[in-house]
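Notes to accompany the following structure.
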Amino acid sequence: MESELEGSDSVMGLAVSEMRQGMVILHDGELYEIIKYEHSKRGRGGAIARTRLRNLKTGRVTTATFRGSENTDSVFMESRSLQYLYKNGDDYIFMDSERFNQFPVSAGFLGSRGTFIVEGITVTGYFHDDRLVKVDIPNFIELEVASTEPGVKGDTVSNVEKGATLESGAVIQVPLFVKTGDKVKVDTRSGEYVERL
């Protein structure tokens with residue numbers, strides 16, 4: 001795999017100062033997404049970048065420090081619109097909206113954000129050498145509350161929350177006034193309630 005990626009036209013040299021959060025890089029022959037990036041320049045020493053990286057194949061998160069003189073490689077990826085069709089065991093099945101081919105994606109690959117997707121939702125798939133390597137779920141999704149306990153009448157304490165199961169099966173905390181059947185906006189990055197619609 002290493003020689004395959006290094007010889008690819010979609011790999012370009014990348015200096016430490018060009019790294020950004022969300023970027024995909026080639027590191028030790030594997031594709032990683034930069035999920036956290038901290039750049040610092042020391043007096044006489046060169047610039048360094050401390051990063052948290054997520055392996056796009058295994059989903060494992062690791063840390064790495066890059067020095068100004070060390071270059072890594074940036075990877076070009078093609079983005080395509082994908083529609084979520086259904087869940088098959090632990091796999092989420094997506095379909096390319098233009099080419100109509102289907103891609104199984106493991107729950108671990110999507111992480112906790114996968115619990116917020118429902119059939120028919122459109123996401124962005126990123127491909128490297130025609131292989132799906134990353135799925136971007138929208139930061140905010142609107143979902144119906146499938147079930148929640150009614151709020152206690154007369155309870156006026158602010159910031160009191162209760163559990164609610166959404167149509168996707170995810171369970172989040174919502175304010176007491178939210179009831180079954182309401183539509184709510186959820187931040188998929190944090191899993192938090194944003195507002196009732």
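The calculated 222 nm mean residue ellipticity attributable to helices in the chain amounts to -1000 deg cm²/dmol, summing -39500 (n - 2.57) over DSSP H runs of n ≥ 4 and dividing by all residues. Springs between Cα atoms under 10 Å define the GNM used for the chain, and in it the highest mean-square fluctuation of D73, D136, D28 occurs at D28.
If the Kirkwood radius is taken over C-alpha pairs of the chain, then at 37 °C and 0.692 mPa s the Stokes-Einstein diffusion coefficient equals 171 µm²/s.
Taking the chain as a Gaussian network of alpha-carbon nodes connected by springs under 10 Å, the highest mean-square fluctuation of the residues F116, F177, F94 belongs to F177.
Extents of the range 141-196, taken as max minus min of Cα coordinates on every principal axis and listed largest first, are 31, 19, 15 Å. Peptides 162-174, 80-92 ordered by packing proxy, namely the average of other Cβ atoms within 10 Å per residue, highest first: 162-174, 80-92.
Just so you know, all these numbers are worked out from the coordinates, no wet-lab data involved. Keep in mind it's a predicted model, so treat the numbers as computed, not measured. Glycine gets a Cβ as well: all are built from the backbone with ideal geometry, and neighbour counts include every protein chain shown.
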